[in-house]
Structure formats: C-alpha cells, structure tokens
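The values are calculated or read from the model by the stated rules, or taken from the named source; none is laboratory data. The shown structure was predicted, so the numbers you read here are calculated from the model rather than taken from an experiment. Cβ coordinates were reconstructed from backbone atoms using ideal geometry, including for glycine residues, and neighbour counts include every protein chain displayed.
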Amino acid sequence: MSKSTDGNDISYKAAGDLSAKQYYVMRISAADTVNTAATNTSQVPVGILQNDPAAANEEATVRQAGTSKVVAGDAIASAGTMLTFDSSGRVITQTNGNQYRVGVNKEVATAANEIIEVVLVGLGHKES
C-alpha cells in the first residue's frame with residue numbers, strides 16, 4: 001500500500017496546469033517555478049509534486065526529502081531499485097549512471113501508472 005510520510009516539502013509556482021501530474025517528478029523551469037521533468041540526462045529533478053495545481057502560478061508543493069507516493073512509468077519488479085524518470089515524469093528503473101536519480105522504491109509496480117512509495121535518496125544526482 002503506497003503512502004508517504006512527512007518530508008521536506010517546498011512551495012513553488014506551477015508553470016502551467018499540473019492537475020494531472022500529482023506524484024510526478026518535477027524540475028525547475030523558471031525562477032521559483034516547476035514543471036514536469038522529461039529528460040533524465042539533462043533536467044535535474046527537484047522532487048515529487050504533492051498537490052494538483054490547475055493553472056500557472058498556483059502553489060505547487062514539491063516533496064524533496066523523506067518518502068513520497070510516485071507514479072510508475074513501467075513495471076518495477078524489485079523493491080530497492082534505484083529509480084530515474086521517463087519522458088512523462090513518471091519513475092522508471094535507472095539503467096545507467098548518466099541518468100538523474102529520484103530515489104529507491106519501497107514497493108513493486110506491476111504496470112505503468114501504478115502509484116508506489118519511494119524513498120527520496122540521491123535525488124538530483126547521477127554517477128557520471
């Protein structure tokens with residue numbers, strides 16, 4: 001059962017309508033503004049969107065530490081897998097050191113679009 005615990009949440013402004021992006025990976029897109037992360041080799045993730053702002057400049061609450069619910073982009077067979085993100089901002093298995101990390105999953109995902117729990121460790125780092 002996915003859940004999230006109290007963590008380090010930061011408020012930003014939404015770049016646009018993010019109402020369908022709750023529990024997706026976010027990146028900074030302009031001064032004090034976040035949007036969905038889409039390129040895991042060049043866009044540094046800053047956390048997971050916790051709410052669902054429906055318009056630009058609405059408050060976007062982003063979890064940067066602790067645990068969070070996240071939307072899986074594919075099946076993730078084993079708990080404890082280092083995760084990155086896909087072109088939609090959903091978490092997927094990290095396959096190489098050139099991809100930015102999001103964290104480690106506590107639960108498996110059997111298919112895309114399942115909500116699972118992740119520990120936000122290594123957020124925004126990559127090996128190379």
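For the reader, a short list of remarks on this structure follows.
- In the set 56, 60, 109, only one residue is in contact with a Pro (Cβ under 7 Å, 6 or more places away or on another chain) and either more than 19 Å from residue 27 (Cβ to Cβ) or of a type outside the set (Asp, Glu) (or both); that residue is 60.
- Residue check for residue 86: among the charged types (D, E, K, R) and not assigned by TED's automatic domain parsing to the domain that holds residue 15: yes
- Residue match in the stretch 39-47 (condition: closer than 25 Å to residue 110 by Cβ, among the β-branched types (Val, Ile, Thr), at pLDDT 95 or above and under 10 Å from the mean Cα position of the chain (by Cα)): no
- Filter pass, residue 50 being at pLDDT 95 or above, out of contact with any helix residue (DSSP H, G or I) (no Cβ under 6 Å at 6 or more places or on another chain) and within 17 Å of residue 16 (Cα to Cα): yes
- Restricting the stretch 70-90 to residues that are surrounded by fewer than 23 Cβ atoms within 10 Å (Cβ to Cβ) and of a type in the set (D, E, K, R), the residue that is farthest from residue 19 (Cα to Cα): 74
- Selection status of residue 80, of a type outside the set (A, V, I, L, M) and either within 15 Å of the chain's Cα centre (by Cα) or within 18 Å of residue 41 (Cα to Cα) (or both): no
- Residue 48 surrounded by fewer than 23 Cβ atoms within 10 Å (Cβ to Cβ) and not polar (S, T, N, Q): no
- Here residue 29 passes the criteria (1) over 13 Å from the mean Cα position of the chain (by Cα); (2) buried (at least 19 other Cβ atoms within 10 Å of the Cβ); (3) in a strand (DSSP E or B) except the one numbered (2).
- Test for residue 13: is it surrounded by fewer than 23 Cβ atoms within 10 Å (Cβ to Cβ), closer than 15 Å to residue 113 by Cβ and in contact with a strand residue (DSSP E or B) (Cβ under 8 Å, 6 or more places away or on another chain): no
- In the stretch 1-26, of all residues being in a strand (DSSP E or B) and under 14 Å from residue 120 (Cβ atoms), the one that is modelled with the lowest pLDDT corresponds to 8.
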